1. Anything in region 15-31 that is closer than 30 Å to residue 65 by Cβ and β-branched (Val, Ile, Thr)? List them, or say none.
2. Can you tell me which residue is surrounded by the fewest Cβ atoms within 10 Å (Cβ to Cβ) among those in region 1-14 that are free of Cβ contacts under 8 Å to residues at least 24 places away in the same chain and under 30 Å from residue 66 (Cα atoms)?
3. Quick check on residue 44: is it assigned to a strand (DSSP E or B) and surrounded by 10 or more Cβ atoms within 10 Å (Cβ to Cβ)?
4. Return the residues of region 19-46 that are touching a Leu at 6+ places or on another chain (Cβ under 6 Å) and of a type in the set (Val, Ile, Thr); say none if nothing qualifies.
5. Hey, does region 22-29 have a residue that's within 30 Å of residue 62 (Cβ to Cβ) and among the small types (Gly, Ala, Ser)?
6. Among the residues of region 18-75 satisfying the criterion of being under 19 Å from residue 7 (Cα atoms) and among the hydroxyl-bearing types (Ser, Thr, Tyr), which is farthest from the chain's Cα centre (by Cα)?
7. Give all pairs with beta carbons closer than 6 Å in which a residue from region 32-47 that is closer than 13 Å to residue 65 by Cα meets a residue that is of a type outside the set (Gly, Ala, Ser) and modelled with pLDDT under 85; count only pairs at least 6 apart in sequence or on separate chains.
8. Here are some residues: 56, 51. Which one is modelled with pLDDT of 85 or more, surrounded by 10 or more Cβ atoms within 10 Å (Cβ to Cβ) and in contact with a strand residue (DSSP E or B) (Cβ under 9 Å, 6 or more places away or on another chain)?
Amino acid sequence: MRVLVTGYSDIDVVIDAINRGAVYRYLSKPWDVDEAQATICKKIVEEHHGSIEIFSEPGRNGFRISLPVKSHPYQDS
């Protein structure tokens, strides 16, 4: 996974870098730490065919990550 974080002001150069580098996500400075963490988590979950559930309740916000479990090749059926 490639994430580009830059403060470079020439957008044409940034777009070229994104296209040539197969960048998954572009974050501009100053970036939000929560956004950067969410981007990384989302990509990991996608790569493992999982899901993310975001919830917001009074006094409680967060997310749940679900990943599929593969049986071990030596595990008895």
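1. Once the filter is applied, which keeps residues that are closer than 30 Å to residue 65 by Cβ and β-branched (Val, Ile, Thr), region 15-31 yields 18, 23.
2. 2
3. Numbers: assigned to a strand (DSSP E or B): no; surrounded by 10 or more Cβ atoms within 10 Å (Cβ to Cβ): yes.
In short, no.
4. Residue satisfying the conditions is 23 alone.
5. For region 22-29, residues within 30 Å of residue 62 (Cβ to Cβ) and among the small types (Gly, Ala, Ser): present.
6. The selected residue is 28.
7. Close Cβ pairs (under 6 Å, with a partner that is of a type outside the set (Gly, Ala, Ser) and modelled with pLDDT under 85) amount to 43/1; 43/24.
8. On the way: 56 fails: surrounded by 10 or more Cβ atoms within 10 Å (Cβ to Cβ).
Exactly one residue qualifies, and that residue is 51.
The values are calculated or read from the model by the stated rules, or taken from the named source; none is laboratory data. Keep in mind that what you see is a predicted model, and the values were worked out from it rather than measured. Neighbour counts run over all protein chains shown; Cβ positions are idealised from the backbone, glycine included.
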